[in-house]
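Values quoted throughout were computed directly from the atomic coordinates according to the rules given, and no laboratory measurement underlies them. Just so it is clear, the structure is predicted and the values come from calculations on it, not from any experiment. Cβ placement follows ideal geometry from the backbone for every residue including glycine, while neighbour counts extend to all protein chains displayed.
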Amino acid sequence: MSYYSAKTIEAGDIEAAHERVKAALQEQGFGILTEINLQATLKEKIGADFRPYRILGACNPSLAHKALQAEDKIGTMLPCNVIIQQVAAEVFEVAAVDPVASMQAVENEALAEVATDVRDKLKAVIAAL
């Protein structure tokens, strides 16, 4: 089982790719709780040059609420990460975690149902790009 879904898209720069991903997430009821600019962080912390790479912490509030009701420690696996990384000039890969794969160690049937719903929505985000 793969732990992510991914798609390559063309965009002028990472900001344009970010806007497309953000809009697709919003269509599926997700907001972005956190954003890490890995390129800037690695440069600042260790002086390393790295390609444009963002990690978005996406959350669908109603599904997060259901997951927390089913399993109170599941917050350790929230929010769902979505990455945007440059793979060539004006070409970006967008990948989203598969929550079914990441949560399969938690033996909770109610949580598995929520994880499936989240996975379906994240796959729809990737397909819409």
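Among ALA67, ALA112, ALA48, the residue with the largest mean-square fluctuation in a Gaussian network model of the chain, with springs joining Cα atoms closer than 10 Å, is ALA48. For VAL87 and ALA23, the difference between the fully extended length at 0.36 nm per residue and the C-alpha to C-alpha distance is 20.9 nm. Spin-label model, ALA16 to GLU107: label points 7 Å out along the Cα-to-beta-carbon direction sit 5.1 nm apart. Per residue, the average separation of C-alpha pairs within less than 8 Å and at least 6 apart gives the chain a relative contact order of 34 percent. When the chymotrypsin sites (Phe, Trp or Tyr not before Pro) in region 1-104 are filtered for DSSP coil states and for at most 15 other beta-carbon atoms within 10 Å of their beta-carbon, the remaining sites are TYR3, PHE50. For the residue pairs LYS22/LYS43; LYS45/LYS121; LYS43/LYS66; LYS22/LYS66; LYS73/LYS121, the C-alpha atoms sit more than 28 angstrom apart in LYS45/LYS121; LYS43/LYS66.
As a proxy for reagent exposure, ranking VAL87, VAL97, VAL21 by other Cβ atoms within 10 Å from fewest up yields VAL87, VAL97, VAL21.
Residues ARG20, ARG51, ARG119 in ascending order of nearby Cβ atoms (within 10 Å, fewest first): ARG51, ARG20, ARG119.
Pairwise Cα separations in region 4-128 fall into 10 Å bins from 0 onward with the following percentages, short to long: 13, 43, 30, 13, 1. For the chain, the longest principal axis of the C-alpha atoms and the axis of helix 14-27 are separated by about 20°.
Annotation: extensible slack from TYR4 through LYS123 equals 41.9 nm (criterion: 0.36 nm per residue apart, minus Cα-Cα distance). Charging the Cβ of each Asp and Glu at -1 and of each Lys and Arg at +1, and nothing else, the dipole of region 1-115 about its Cα centre rounds to 200 debye.
If you take every residue apart from ILE9 with its C-beta less than 9 Å away from the C-beta of ILE9, what net charge results, scoring Lys and Arg +1 and Asp and Glu -1? Around ILE9, the charge tally is 0.
Farthest toward the positive end of the dipole of region 4-128, out of ILE74, ALA24, LEU56, is the Cα of LEU56, where the dipole comes from beta carbon charges about the Cα centre.
A cut-off under 14 angstrom between Cβ atoms defines the neighbours of PHE50, and their net charge, with Lys, Arg +1 and Asp, Glu -1, is +2.
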